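The next block holds one structure in the form of C-alpha cells; read it before the comments.
The values are calculated or read from the model by the stated rules, or taken from the named source; none is laboratory data. Just so it is clear, the structure is predicted and the values come from calculations on it, not from any experiment. A quick note on method: Cβ atoms are made from the backbone with ideal geometry, for glycine too, and the neighbour counts reach across all protein chains shown. Heads up: the accessible areas ignore ligands, DNA and RNA and are worked out on the full protein's heavy atoms, side chains in. Shrake-Rupley method; radii C 1.70, N 1.55, O 1.52, S 1.80 Å.
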Amino acid sequence: MTTLIAIVGLGILSLVFEIFDFRKAIIPVTIIGLLAILGLTVSEFNSPGSYYNNMIVVNKFSVSFSSLFIILTIFLIALGHSFYENHQTKLSDYIAIKIFLLSGAVAMVSFGNLAMFFLGIEILSISLYVLAASNRLNIKSNEAGMKYFLMGSFASGIILFGICMIYGAMGSFDITEISDMSQSAELPIWFPIGIVLMTIGMLFKIAAVPFHFWAPDVYEGSPTLTTALMSTLAKVVAIATLYKLLAGMNADINYSFQIVVVIISIASMTVGNIMALRQVNVKRMLAFSGISHAGFMLMALLSLANSAGSLLYYTSAYALSGIAAFSVILYVCKNRENEDIVNFHGLGKTNPLLAAILTGSLLSMAGIPIFAGFFAKLALFSQTIQAGYLVVVIFAVINSIVSVGYYFKLILAMYTKESNEARTGKPFLIYAVAIISILLNIILGLFPSLVLDLLA
C-alpha cells in the first residue's frame, strides 16, 4: 500500500515542479524517486498483508510485478528527456501521466477487490488514451487516440458488465470470498458469464486475436514513446492482471474454458506472425509481433497453479527487449515522418552499437539463445507440455521459426543496405537505457533462476 501512495505522491510532486518552474529537475527527481519506491517495494517481498478491507493485497506476486512495472517506467521516463525536449512547457504533464499510469498498473496486480481492479484499469486506460493522442498536430496521433478511446471504452464496459455478473452471482466484490464460494458444486449461471466477459475485455487490452484490430493503427499513429509504453508496460500489466483474475477466481477448473484459451493462443501467435511478415513500418511490425507474443503469454493460463514464475520471466524478457528496441527506434526515427525499415538502412555501419542492441532485442523476441527470450519460451513450453497441451507448443515452435523471417528483415537492412545519410549525435540517456535493458535481458538469459524462483 505504501508503494501505491508513494507513486501518487511522486506524480503530484512532478506537477508541483512545473508550477515552480523546476522543469530541468523533473526527470532526475522522478527517476531518483522511482528508484527509492523500487527499494520500498522490494522490501515488502517477504511481508504479505492486506489493506483497507482487503482492497489492496501485498504478496510475492504483486511485489514482483510491481517491481517490474517500476523498472520499465524508469526506462520510459528516462527516454522522455530526449523525446520531449521540444515540448518543455508540457514535460511535467507527460511525466505525471506516466507516473499516475504506473499507480493504476500497481493497483491492477495488487487488488483484492474487483472495485479496486476496475479503478486501476481505468487509471491506466485513460492515461493511455491521452498519451496516444498527445501529438495534437499530427492527424495520425489524433486518429490513434480516438480509435483507442472508443474501442478501449467499449472493452472497459464489457469488463464492468462482467464484474456486475459476478457480483450478482456471489454478492461480493472481494476476490477471497469469490474464490471460496466458487468451490460450490452449484454456481449461478451469472458467474461463468461474468468470467467470460471480463476475459474478453482483458484480451482486448493485451491485443489478442480476435480483439487485436486496434493495435497496428494505434501503435503506428501514437508518438513512438507512447507506442513503447503500450508495447511493453501496458501489455505486461494486462496479462499479469488477467492471470491474477483467473487464478483468484479458480477459472482453471473449466476444461472448455481452457480450450478457448488454446484456440485464442494459437490464433494470436499465427495471425500476428503472418501479418508481421508483410509490414514495412517497424512500429506496425512490432504491433503484430506483440499480438504474437500475447499468444505465447496466454499459454501461462493453461497451468494457473504453477506458471506465475514463468509468466513473470517471460514478461520481463519481452519488456526489456522491447525497451531496448524502441530506444533505438527513437534515435533512428527522430524528426522523421515515418518509422519505415528504410530508415534503418546502414545502421550497422553508422552506429554499430545501437545496431547490435537492436539486433539483440530482436533475437530475444525471436527466442534465440543466449537472450532471455529463449529461456522464457522454454519455461512456458515445458509447463504447457506438462499441462497436456502439446499441440499448443508445436504451434508455438513453428511460429517462433516464422518470426525469425520478419525480425531478420530488419536486421539485414541494418547490415546489408547502404545508408543515405549520416546520423549525428549520441544522446546519453537513449544509449544508457538501450545498453542497460539489453544487458539485463542477457543477464536474465544467463541466470533465469533470478526470476523463475521468485514465485516458485
Tell me, please, whether a residue that is of a type outside the set (A, V, I, L, M, F, W, C), more than 24 Å from Tyr415 (Cα to Cα) and open to solvent by 10 Å² or more (accessible area, probe 1.4 Å) can be found in segment 275-289.
-> no
Options Ala107, Ala115: the member that is touching a Leu at 6+ places or on another chain (Cβ under 9 Å), closer than 29 Å to Lys60 by Cα and small (Gly, Ala, Ser) = Ala107
From the list Leu378, Leu354, Leu362, Leu311, which one is over 24 Å from Glu220 (Cβ atoms) and surrounded by 24 or more Cβ atoms within 10 Å (Cβ to Cβ)?
-> Leu311
Would you point out the residue of segment 351-392, among those that are aliphatic (A, V, I, L, M) and free of Cβ contacts under 8 Å to residues at least 40 places away in the same chain, that is nearest to Ser327 (Cα to Cα)?
-> Ala356
Filter segment 320-336 for residues that are surrounded by fewer than 24 Cβ atoms within 10 Å (Cβ to Cβ) and either at pLDDT 95 or above or of a type in the set (D, E, K, R) (or both); the one that is nearest to Leu446 (Cα to Cα) is Lys334
Candidate set from segment 233-269 (those that are open to solvent by 20 Å² or more (accessible area, probe 1.4 Å) and under 20 Å from the mean Cα position of the chain (by Cα)); member that is nearest to Phe395 (Cα to Cα) = Ile266
Working only within segment 418-451, note down all residues that are among the aromatic types (Phe, Trp, Tyr) and modelled with pLDDT under 90.
-> Phe428
When restricted to Ile263, Ile274, Ile323, the only residue free of Cβ contacts under 8 Å to residues at least 24 places away in the same chain, aliphatic (A, V, I, L, M) and in a helix (DSSP H, G or I) is Ile263
Going by the structure shown, is Ser403 open to solvent by less than 10 Å² (accessible area, probe 1.4 Å), among the hydroxyl-bearing types (Ser, Thr, Tyr) and touching a Ser or Thr at 6+ places or on another chain (Cβ under 8 Å)?
-> yes
Of the residues that make up segment 186-205, is at least one at positive phi and without any contact (Cβ under 8 Å) to a residue 24 or more places away in the chain?
-> no
When only residues in segment 24-47 that are touching a Ser or Thr at 6+ places or on another chain (Cβ under 9 Å) and in a loop (DSSP other than H, G, I, E, B) count, which is surrounded by the fewest Cβ atoms within 10 Å (Cβ to Cβ)?
-> Phe45
Qualifying residues in segment 48-85 (those that are aromatic (Phe, Trp, Tyr) and open to solvent by 10 Å² or more (accessible area, probe 1.4 Å)) - the one nearest to Leu452 (Cα to Cα) = Phe61
Restricting segment 14-49 to residues that are within 13 Å of Ser103 (Cβ to Cβ) and of a type in the set (A, V, I, L, M), the residue that is farthest from the chain's Cα centre (by Cα) = Ile37
When segment 406-417 is examined, which residues are found to be modelled with pLDDT of 90 or more and open to solvent by 20 Å² or more (accessible area, probe 1.4 Å)?
-> Phe408, Lys409, Leu412, Tyr415
Scan segment 3-23 for residues that are open to solvent by 60 Å² or more (accessible area, probe 1.4 Å), among the β-branched types (Val, Ile, Thr) and farther than 18 Å from Ile123 by Cα and jot them down.
-> Ile19
Within segment 131-157, considering residues that are within 27 Å of Ser66 (Cβ to Cβ) and surrounded by 18 or more Cβ atoms within 10 Å (Cβ to Cβ), the one farthest from the chain's Cα centre (by Cα) = Ser134
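Conditions tested, residue by residue: (1) touching a Leu at 6+ places or on another chain (Cβ under 8 Å); (2) among the aromatic types (Phe, Trp, Tyr).
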position: Tyr313; (1), (2): yes, yes
position: Ala319; (1), (2): yes, no
position: Ala325; (1), (2): yes, no
position: Val332; (1), (2): yes, no
position: Asn335; (1), (2): no, no
position: Asn338; (1), (2): no, no
position: Gly348; (1), (2): no, no
position: Pro352; (1), (2): no, no
Inspect all residues belonging to segment 337-344 and state whether any of them is at pLDDT 95 or above, in a helix (DSSP H, G or I) and under 24 Å from Lys417 (Cα atoms).
-> no
If you check Leu225 against the conditions, is it in a loop (DSSP other than H, G, I, E, B) and either closer than 30 Å to Ile74 by Cα or out of contact with any His (no Cβ under 9 Å at 6 or more places or on another chain) (or both)?
-> no
Hey, among the residues in segment 102-121 that are closer than 18 Å to Ile158 by Cα and under 16 Å from the mean Cα position of the chain (by Cα), which one's surrounded by the most Cβ atoms within 10 Å (Cβ to Cβ)?
-> Met108
Does Leu124 count as at negative phi, touching a residue at least 12 places away in the same chain (Cβ under 8 Å) and either in a strand (DSSP E or B) or in contact with a Gly (Cβ under 7 Å, 6 or more places away or on another chain) (or both)?
-> yes
Please work out which one of (1) part of a helix (DSSP H, G or I); (2) within 30 Å of Asn113 (Cβ to Cβ); (3) not β-branched (Val, Ile, Thr) is the condition Ser172 fails and give its number.
-> (1)
Please find, within segment 204-218, the residue that is farthest from Ser268 (Cα to Cα) out of those that are assigned to a helix (DSSP H, G or I) and either touching a Leu at 6+ places or on another chain (Cβ under 7 Å) or open to solvent by 10 Å² or more (accessible area, probe 1.4 Å) (or both).
-> Asp217
